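Just below is one structure, and these are the notes that go with it.
The values are calculated or read from the model by the stated rules, or taken from the named source; none is laboratory data. All figures in this text were calculated on a predicted structure; none of them were measured in a lab. Here Cβ is always computed from backbone atoms with ideal geometry, including for glycine, and neighbour counts include all displayed protein chains. When the accessible area is computed, the model is the full protein with side chains, heavy atoms only, and any ligands, DNA or RNA have been set aside. Shrake-Rupley method; radii C 1.70, N 1.55, O 1.52, S 1.80 Å.
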Amino acid sequence: MRAPAVLAFAVFAGCSSTTFAEPRILVSPYLALYQLRGDASMQSEPTPGNVQNNAPQSMRTFGHERHKEDIGVRADIGDGFAGARIDWCQLDMNTSHTGVLDADWGNLRTSDVVRAKVSMDELRIGWLESIGTVRTQWRDQPLTVRLAAGGVLAHRDLDVNARTDDGLFTQNLEIEGDTVYAAVRMRASWRDYAIDLDYAICPDLELRGAFDGVLQDLELRGSWTMPLQDVTFFAGYRLSTLEGRGNANGFGYVADFTLDGFQLGLSVTF
């Protein structure tokens, strides 16, 4: 976790005095209804010394591609739009569903009935600076559109623990590492309502670990703030691509996953 700690220091040290002229702290716990889609291939050794490449297996084969309830919390420090953000989410996706492999997958063999438990710890630390504001009117009410840009560092530890249905054979796939994103944010606010769009892209810039390739992250949120209160309710959608390449127990793997789903929560301003 050293890299996220270093970035956190850089984030707060680099924030502008304008953004922090009158800093606000927003704490936003939320319910994450996410699913893990995609596929992964893994080498196997059907006979000693004979390592072979195999076709990718869908996460549906391991009982996934279904939404599961998890938790997250976000803290924003700044002017309520731009500034520093820390977002932590913990996923624990167990399943009772099974599937049948049509190719070997590490220690697991073709035609095995399998399932998998998926878990992930994710910490994102970022800073965005306001770069523009447009003000107009809609239905005789002020409409404000703001833009911000900056960067995000994400630390993730994604673990797929696959096993046969009888529990006799297991195979883990772990993708862990730190990635750097360029990020932009747009907010359109009207009366007590707002729409936020966050987009971040990692152009194959991994500091360390097994994440690989161009990674993208998109969040869209709609919110309503209670009049004369410091409480905002929100609902949103998130899509994040998670590609990885590495080695698990001596077997090479290539993973192409997508994490997507919905968020429901509230923000409290201090």
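In this structure, does D112 turn out to be more than 21 Å from A32 (Cα to Cα) and charged (D, E, K, R)? First the steps, then the outcome.
Details: more than 21 Å from A32 (Cα to Cα): yes; charged (D, E, K, R): yes.
Spelling it out, D112 is indeed more than 21 Å from A32 (Cα to Cα) and charged (D, E, K, R).
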- Which one of these does Q137 not meet: (1) open to solvent by 30 Å² or more (accessible area, probe 1.4 Å); (2) in contact with a Lys or Arg (Cβ under 9 Å, 6 or more places away or on another chain)? (2)
- Task: Go through segment 100-119 and give me each residue that's open to solvent by 10 Å² or more (accessible area, probe 1.4 Å), in contact (Cβ under 8 Å) with a residue 40 or more places away in the chain and not in a loop (DSSP other than H, G, I, E, B).
- Result: V113, R115, K117, S119
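Go through segment 205-232 residue by residue and tally those that are open to solvent by less than 80 Å² (accessible area, probe 1.4 Å) and of a type outside the set (G, A, S).
In the first step, residues of segment 205-232 are kept if they are open to solvent by less than 80 Å² (accessible area, probe 1.4 Å); the result is 206, 209-219, 221-223, 225-227, 231-232.
Then keep just the ones that are of a type outside the set (G, A, S); that gives 206, 211-212, 214-219, 221, 225-227, 231-232.
Result for segment 205-232: 15.
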- When every residue in segment 1-44 that is β-branched (V, I, T) and either within 20 Å of F257 (Cβ to Cβ) or open to solvent by less than 30 Å² (accessible area, probe 1.4 Å) (or both) is compared, the one modelled with the highest pLDDT is T19
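Return the residues of segment 233-270 that are of a type in the set (F, W, Y) and open to solvent by less than 50 Å² (accessible area, probe 1.4 Å); say none if nothing qualifies.
First pass over segment 233-270, keeping only residues of a type in the set (F, W, Y): 233-234, 237, 251, 253, 257, 262, 270.
Once the filter is applied, which keeps residues that are of a type in the set (F, W, Y) and open to solvent by less than 50 Å² (accessible area, probe 1.4 Å), segment 233-270 yields F234, F251, Y253, F257.
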- Filter segment 78-90 for residues that are open to solvent by 10 Å² or more (accessible area, probe 1.4 Å) and not β-branched (V, I, T); the one that is farthest from Y193 (Cα to Cα) is Q90
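Mind listing whichever residues of segment 52-94 are of a type outside the set (F, W, Y), part of a strand (DSSP E or B) and closer than 19 Å to Y181 by Cα?
Kept after step one, since they are of a type outside the set (F, W, Y), are these residues of segment 52-94: 52-61, 63-80, 82-87, 89-94.
When the remaining residues are screened for being part of a strand (DSSP E or B), the result is 52, 57-58, 68-78, 83-87, 89-93.
Listed by number, the residues that qualify are R74, A75, D76, G83, A84, R85, I86, D87, C89.
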- Note on the structure: Considering only strands (runs of 3 or more DSSP E) wholly within segment 153-270, the ones with at least 3 residues that are acidic (D, E) are 170-190
